[in-house]
Every structure is written in structure tokens, then in C-alpha cells.
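See below for the structure under consideration.
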Amino acid sequence: MWAGQLERTAYALEGAVGLLQCPDFVYGSSGKVTWSKQALEITKLGPRLSVNPRSGALRIHRAQFQDSGRYTCTVRENNVTKTRDTILSVVSYPKITLVQNASVPRGSEATLLCKVESTPASIITWKRHDVPLEQAAVSTYTRLVILPPCHFTNAPYPGQRLALQEEEIPGAVAHTSASEGIPSVTVSELRFRSVQPAQAGLYLCLAANTPGTARATLALHVTYAPVAVVTVPRVVAWSGHVPPMNIKFKANPSPRISCNHSNQNAIASDFWDLTVEPIDEEVVNVTITVLPEMTQQTVYGTFTCTATNSAGEATAAVELIGGRLPSPPTVRVDSHRPTWIVLELRMPADMGLPSADRIIARYEDMTSTSEIVEFDKAVTPEASNTTQRWNLTGLVPGHEYRLTLQLSNSIASSNATVLNTVLPLKAVPDPVQFLSAPQGDQPRHYVLQWRPPTTYGANITGYTLRYRPVIVAASTDGLREIGVAGPESRVHVRKSVKQVVISSLKENTYYRLSMVAHSDLGASQPATFLFRTANNTDPSPPRHDSRDRTSIHYSRQTPQSPVVLEGEGALHNASPAHITSITHIIWTVLAAVVYTAR
């Protein structure tokens, strides 16, 4: 029994013992206690009700809903009569008396129903995956509507009121109606306006009131036509081996499966086996396995499977083709030096089936037989149509190397292309490496410095410097030389010299400079760049402002495609140019000429 905050309110649980105290009665007194309900004495209400003469309490055995009401306790003692009213409410745990599952086609409306009897009325909530639906919804609203008094054909009391409560979520509405009576009946419906397969599953109906809770699980089944999923639509067979072909169908109810081959001679069970395996309640996996001994041209073709259920059908296909190896690549040595090789690699016309996706390379030092290097590289669709150049570096001068290259696809590798080459012990020098661009504060002088190139065992015998004015034009790749603007000057430089002074150049003019290193084995490739002279006719002493200094990019490119960066500076006097070895310039003059080269 529960006692409320008010002294004259009491609660009893249905089926349990209810006890009502008489506050005006003193325990053990000689006063007389009587209990009545609606002016009718308790003794006339039935044997389940009794009064304790010592405490004056009213005991109700196996309390029932009809025991609810107003009870009056009357105490008479010494010609004094006192009365006190107590209101009793018989309450009950929620009892879910009806659940209604649903099985509907995709896109139609569906309703899950949960009916609860309890007093007081229960609050019903819905959950899926232990998440309350109103919390998982993107938008939720609750509306409480009190309808006018009405009558129910199955209601225990006429004139009871109906409370209508709706909780709306995307695609579903929780609709609850509760009758305010003794006992109360609450009906909650979870409605789906356009049900989808993703909403199928189990839902939990939770009912709760003051005495306790109850729960029930309901199922929503959504029927829909099969949907096919093919992960690998083309399967390649090779050397008697055929990977299994798989098609997945998702449907509810579970579909019937039938498969056939585009070649009527490739009869099932003679050439291939069909296996249908359920993955879960709604997904089946169809596996087609070609018998190894039947891997021949007859089974190459298209396998088509159809899944059918009461909601519709779906068809999917897998193509079986015979694979082939790619042809080997074409390889040649484009150039080599004592410590490196440049390979020119060209892809074949037949890249295999499926198309080759990797190049497998291996090179071996045949002289020392101590080093074997293997590596591979991905082949992109763009690379398969172009000529590639690979650089192999860190090699040993004079050693013989064997190069092996293959193309590979998911089946196997092509035949190997084998190439043997012997590296030279000596070679012509590498191109000259400039330490900086030509520098100068004087309008008629520029200083050029460089580092001796790698010689590969040869001896440097000298350098040749060429320069001439040129005409340039802008292009998408930068400035390009399009013509000459004067004669070429050519100067031989001794091998011990590392810098020179170029003087008397034309102002505001582009020049192409190139330098070649000579050895007893031959000449290097030219190191070439373009630069623009300054435009300043002021005869005043040299200015040491970095904004007046020429800025040039240089490179090892051929004269047809040098890299250019324009600069600002000052030069005049377009007399014929000349070059002077830095070793022959008086140091006092040199200090003024090469100031900006520091």
C-alpha cells in the first residue's frame, strides 16, 4: 500500500492487501470503530473487508479495482463521535494485452500496435536498437488533444474521456490513446507512412506507470522485389583455373534463383555447378563454379541469374572470359655513364587480359655477382601509351649489368626482356655546374662562376664559353628563343680558371650563354641559360642596391629551351663584347667589378 502526501489518500496494489488507518482512533481504547463506503457499512460489502478492533484499521484482502473509492472511519467514545474520510485508489502494474506486428510491401503504410491495461494509465515509448525513436528522429513534436466525453462499447464506465497523444518522427508516427478509467486501457500505434527495407526489424514497446513497467517486442517485415549486387562483373579464366563467380540478391521474402549460360551447350551440372547460400534473412549469395576439367571455350560467355519472389524479380549477369599474358616490354639503353644507366622503356601493343598493371624489374651485377636489386612499378593507363625513361644510379664503373623486365597482370607475368650492358670505366665530363648567375654592379661587367664537373676518370683540358644576343618571346612554358640579334662570341678558358668577367654587353638585351667542358675523352653537354642585361645609362659610380642586380636562372637544358628569369639593373655602351680572365684583372679594379658577386 502507498500513502500519498495527503493524509486521507491511500493506494493499494491490485491483488495485494490494502490497509486504511483511522487517524481518530487511539490504539487499545474502548471506543467503537465503524467503516463505511458510500454510506454502506463494510460488514455488508463482503468477506474480503475486515476491521481490526484494537487498531481500528480497515484491511482489504486481494484488492480489486472496484474497491477504489471514498471510505469513512467513524469513532464513538464517551458520547463523542468523530469521522474521517480516506480516498483509496487501487493501482496495477502495466500489462501488455495485445501486440500487432506488420508485414507490408515496400513504400506502403505500416502500423505496429501495442495495447496496455494499467492504473494509473501507462506512458508508452518506442525503441529500436535501444534508442528511443523520438531521440533518434531528426524532428520530433508531441501533441496532446483532450476530446469531449464519449462512450466506448467495451468501456467499463460510460462517459470516460479519451486522451490522444501523437509523437511524430520521419516516416513514422507513434499514436497513443488512453482511457481515463479504472482500469485504464492505453493503445499505442507506431505508424510508417512509406516504409523502406532499412526500417524493417524489431521494435520495442515500453509501458511505464507508478507501480512498474512492461515491455514487448514487435516485428516489422518489409517485402520488396530482389535487388542484385555484382562485385566482379567480368571474371578471367587462366590455365584451367576459373575463380568462382558470385552474385548477391537482397529480397524479402527470400527469392527463387535460376541461372543459365549464353551458350546453350554449356549445360548446368555438366559444365558448372550452382550454389545458393543464405547470408542472412534477406540476402542470398549465388556462386557459379566451373568444373576444372571443363575449362574450355564452351564455358566462356555470360552467366545470367534471375531472382524472383512475390514482389517482383531481378536479373544480373557475370561474364567469363579467357585471360592472356601481356607481351614483354621493349627496352634499350638510352645512355650510360660509369655510374648510371638511362633506360628507354616502351609498352607493347598487347597489354594482356586483364591489362597489365605492374612492371617487374631486376638488375644484377654480373661482374661481382654480389648485388641483385628487384623492384616493381605500377602501370597507369597513361603510362601504357607512352615511352618511359628509368634511371639506374649508384652503379660501379666497368661492371657488366644484366637487366630483366616483365609486365604483370592479375594472372601472371609476361616473358622477360633481358638486356646486358657494360658500363665504361671513363667518360666525358658531366655538364658544368654554375655556382651563381652572372652578377655585376658595373653596367659593363658581369662575373660568371662555376664548379668543375664530374670527370669520370678523364682529365679536364679546358672550357669553351659561347654567348650571343638573342630574340625571345613569351610562351605557355615561359620565354623561348625565337631568333638571334647579333654574332656569337666564343672564348676558350684554361682548365684552372673557375670564374670569368664578361664585359661590354648591350644594355637591356637577352643573351644566351653556354659552356662546354673538354677532357681527353671528349666534350660535355653544354650548360646553357638566358639572361637579360640591365637598362641604366647613369654614369655615376656603382650603386649597391639589390634591386639593380641582374637575376638569372640557369640550367643544363639545351639552347633551344633554356629557363629564363628577368632582372633589373644598369648597363650601357653597346661596343663589341669581350671577355677577360679573372686572373688578369688588377685586384683594385676587380673589387669594384665583382662587388655584387659576394
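Annotations
- Taken as Cα centroids, the stretch 66-120 and the stretch 480-505 sit 110 Å apart, rounded to the nearest whole angstrom.
- Using alpha carbons only: equivalent-ellipsoid semi-axes of the stretch 2-91, gyration tensor based, whole Å: 21, 14, 12
- Count of Lys pairs (Cα-Cα under 19 Å; at least 8 positions apart or interchain) in the stretch 31-126: 4
- Full extension of the chain between K82 and R128 gives 10.9 nm of extra length, using 0.36 nm per residue less the Cα-Cα distance.
- Under the combined filter of DSSP loop state and at most 13 neighbouring Cβ atoms within 10 Å, the stretch 455-533 retains these GluC sites (Glu not before Pro): E488.
- Computed label-point distance, nm, for sites K95 and N459 using a 7 Å Cα→Cβ extension: 11.8 nm
- For S103, distant residues with modelled amide H under 5 Å away: H221
- Cα→Cβ-extended label distance, 7 Å offset, between V484 and L435, nm: 3.1 nm
- Partners of K495 within straight-line reach, counting lysines whose Cα lies under 22 Å from its Cα and excluding those fewer than 8 residues away in the same chain: K426.
- Sequence-ordered 3J(HN,Hα) estimates for the stretch 447-457 from the Karplus curve with 6.51, -1.76 and 1.60 and θ = phi - 60° stand at 9, 10, 10, 8, 9, x, x, 5, 9, 6, x Hz, glycine and proline given as x.
- Rounded to the nearest 20, the Cβ-based charge dipole of the stretch 330-422 about its Cα centre (Lys and Arg +1, Asp and Glu -1) stands at 140 debye.
- Dipole of the stretch 230-319, positive direction: furthest Cα of V236, V276, S310, with charges on the beta-carbon: V236
Taken together, the values in this text are just the output of simple stated rules run on the coordinates, not laboratory data. Treat the numbers as computed from the prediction; the structure is a model and nothing was measured. Here the Cβ is made from the backbone with ideal geometry for all residues, glycine too, and neighbour counts use every protein chain on show.
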